[in-house]
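Heads up: the structure comes next, in C-alpha cells.
The values are calculated or read from the model by the stated rules, or taken from the named source; none is laboratory data. Keep in mind the model is a prediction, meaning the values are calculated, not measured. Here the Cβ is made from the backbone with ideal geometry for all residues, glycine too, and neighbour counts use every protein chain on show.
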Amino acid sequence: SRARRGRSRKEMSTIVRRCDGGAERVWQASGGPTEHKFDPYDFNGGTTLAISGEDFVMVAADTRMSSGYSILSRKVSKLHKVGERTMLAAAGCQTDVVALVNTLQTRHRMYVHQTGKGMTTTALAQMLSNTLYYKRFFPYYAFNVLAGLDADGKGAVYSYDAIGSFQRVPFSASGSGQSYVIPLLDNILCHKNRQDPQPPLTPQLAVEFAKEAFVSAGERDIHTGDAVEIAVVTKDGITTETFQLKQD
Amino acid sequence: KDGVFLGADTRATGGSEVADKNCAKIHYLAPNIYCCGAGTAADTEQTTALISSQLELLRLSTGTQSRVVAAVTLLKRMLFRYQGHVSAALVLGGVDVAGAHLYQIYPQGSTGKLPYVTMGSGSLAAMSVFETGYRDDMDEADAVDLVKDAIFGGIFNDLGSGSNCDITIIRSATGLAEERRNFRTPNDVGQLRALYARPASLVPPPGATAILETQVEIFDAQPMDL
C-alpha cells in the first residue's frame, strides 16, 4: 500500500513504453474485472491525389506503407484498377483497402458477366458508396478517391469519407498528407485567391502538379515518402510512371 | 580510442508533422562535454541549458575543468526529482582528466556508462548498426563513419528521425570539441526538385493578388520626431 500512497487501493499501474523511447506509468482502476480491448484497425499511412481534366484524369499515390514509426514497405501500390477506365486510390488501413478493392473488383466482374458491359465511372462511384455504407457500424478504414472518365469522356474525380459519403470534385487529395496537398493545389491548380489567368490543364501539367504536391507533402508528413506512382487515364488507356521521393 | 563521438539526426516532429526539418539536437554543456537529447524538445533544451549553467558556475568556483560525472550526476538528480515527467532522454559524452566517457541518461533518472549508446525513436535502428560495426579502440575516421551510419539507419528506417546528420567530436588528446553541424545532408530537397519540371503557377506574377483597398497616410514629421 505504500507504493500506492495518495491513490485509491483499487488502482493499479503498468509501465507503458512509448515509441519515442520514453516510458510512462499508466494508472487503471482494477480490483474488479479488467477489460482488454483488441483494436482492429492499424494506420498504414500514405497520401493520394486525383486531378480531373477535359479528357483525362490523373491519379497519384505514394508507395510507402508504415505502422507506428516503422516502415513496412517502400513499394506498395495504392492505385487499383476497378473498371475498364477507372482507378481507385486509397490510403488508410491497407488490409481494409485490399478487402474493399477485392469486393469492388468481384462485383464488377459479376456485372460484366450479367450485362455484357463494363460499369461506368458514375455507377462504380455509387457502388463504392453503397459498399462503404454497408459497413456503417464497422467501417472500412479507407480514405478513397475514385477517378475515371465519365459518359461524356470528361475526367471525373470522386472523393469519399470512410462510410461512403461522396461527391464529384475537380480534384481531391486524401490520406495523412492531405492537409499539405489541398491548400497547395487550391492555389496553384484552381488559382484560388489569385487573379492571374489559369492555363489550360494538360496531362503533363497535372503530372507536374502531382510531383510538386508529393515532394512538399513528403517534407512535412512522416508517413509520406519513398516514391509516388502517377497514373494518367485517357480514352486510349492508362499510363503509369513512378517518381522517386525522399526516403527519410 | 581517440575520444568521444556524438551523432544526431535533425528532425523535430509534433505528432506526424515535421515541425523542424533541421533542428540541432547536440547541446553544449561545457567546452569538453556535449549532450544529445531525445524526447520532448523543450525538456532537452532547457535541462541541458540549466546544467550547462550550473557547470559553468562550478568551474568558476573550483577553477578546474568540468568532469563528465559531474554533468551526469547533476542531470540524473534533477530528472529523478521530476519522476520522468521531464521527458529528456540524453546521450552525454565528454573528455576530462579521467579520460573519455560516454553515458546514457533516461527520463526517469537512471544512467548507464557504456562504450556505445543510442536513444530516441530511432535508437533500435541505430543500435543495430552499432552492434554490427562496433569494435574497441576504433580510430577517429572509423568512429565517425560508424556514428554516421548509425544515424542514417535511424534517418531512413525510423519515421521519427530524418533530414541531416550532425556530429560532434570530443578528442582525448586536446580535450576540445569539434562541432560538425550538418556533417552529411543526404535529404536535400533541392536536388529532388531539380528532377522534374516545376509548375509555372508556383510563382504568382505581379497583379495576381487582388488589392481590395488602398489607404495612404502621409507623415510630415522628421524621422527623429517619431
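The figures follow:
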item: Residue in the range A:160-174 that is in a loop (DSSP other than H, G, I, E, B), buried (at least 17 other Cβ atoms within 10 Å of the Cβ) and without any contact (Cβ under 8 Å) to a residue 60 or more places away in the chain present; result: yes
item: Residue check for B:Leu102: touching a helix residue (DSSP H, G or I) at 6+ places or on another chain (Cβ under 9 Å), away from every other protein chain (no Cβ under 14 Å) and part of a strand (DSSP E or B); result: yes
item: Condition broken by A:Tyr180, with the remaining ones in (1) among the hydroxyl-bearing types (Ser, Thr, Tyr); (2) crowded, with 24+ Cβ neighbours inside 10 Å; (3) touching a residue at least 40 places away in the same chain (Cβ under 8 Å) satisfied; result: (2)
item: Matching option when the condition is within 27 Å of A:Ser67 (Cα to Cα) and away from every other protein chain (no Cβ under 11 Å), among A:Ser174, A:Ser216, A:Ser179; result: A:Ser174
item: Qualifying residue in the range A:109-122 (condition: within 18 Å of A:Ala206 (Cα to Cα) and in contact (Cβ under 8 Å) with a residue 24 or more places away in the chain); result: no
item: Helices (runs of 4 or more DSSP H) lying entirely in the range B:110-194 (those with 1 or more residues that are basic (Lys, Arg)); result: B:140-157, B:189-193
item: In the range A:182-213, the residues that are within 11 Å of another protein chain (Cβ to nearest Cβ) and closer than 21 Å to A:Gly92 by Cβ; result: A:Leu185, A:Ala210, A:Ala213
item: Leading residue by the ranking (farthest from the other protein chains (Cβ to nearest Cβ)) among those in the range B:143-156 that are surrounded by fewer than 23 Cβ atoms within 10 Å (Cβ to Cβ) and either among the basic types (Lys, Arg) or under 16 Å from A:Gly218 (Cβ atoms) (or both); result: B:Lys148
item: When residues of the range B:10-65 are limited to those that are on the phi > 0 side of the Ramachandran plot and exposed (fewer than 15 other Cβ atoms within 10 Å of the Cβ), the one modelled with the lowest pLDDT; result: B:Gly15
item: Subset tally (residues that are small (Gly, Ala, Ser) and in contact with a strand residue (DSSP E or B) (Cβ under 6 Å, 6 or more places away or on another chain)) for the range B:169-226; result: 3
item: Residue within the range B:197-211 that is among the charged types (D, E, K, R), more than 25 Å from the chain's Cα centre (by Cα) and under 21 Å from B:Lys21 (Cβ atoms) present; result: yes
item: Residue count, the range B:134-155 (criterion: touching a residue at least 24 places away in the same chain (Cβ under 8 Å) and under 17 Å from the mean Cα position of the chain (by Cα)); result: 9
item: Close pairs from the range A:225-248: first at positive phi, partner buried (at least 22 other Cβ atoms within 10 Å of the Cβ) and part of a strand (DSSP E or B), Cβ under 7 Å, at least 6 apart; result: A:Gly225/A:Asp62; A:Asp226/A:Asp62
item: Among the residues listed as B:Gly190, B:Gly207, B:Gly122, the single one being surrounded by 17 or more Cβ atoms within 10 Å (Cβ to Cβ) and within 14 Å of chain A (Cβ to nearest Cβ); result: B:Gly122
item: Residue in the range B:212-224 that is within 11 Å of chain A (Cβ to nearest Cβ) and hydrophobic (A, V, I, L, M, F, W, C) present; result: no
item: Test: residue in the range A:234-244 that is part of a loop (DSSP other than H, G, I, E, B), more than 14 Å from chain B (Cβ to nearest Cβ) and surrounded by fewer than 20 Cβ atoms within 10 Å (Cβ to Cβ); result: yes
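Yes/no matrix, rows are residues, columns are (1) more than 18 Å from B:Gly37 (Cα to Cα); (2) among the aliphatic types (A, V, I, L, M):
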| residue | (1), (2) |
| --- | --- |
| B:Met138 | yes, yes |
| B:Leu146 | yes, yes |
| B:Ile151 | no, yes |
| B:Asp166 | no, no |
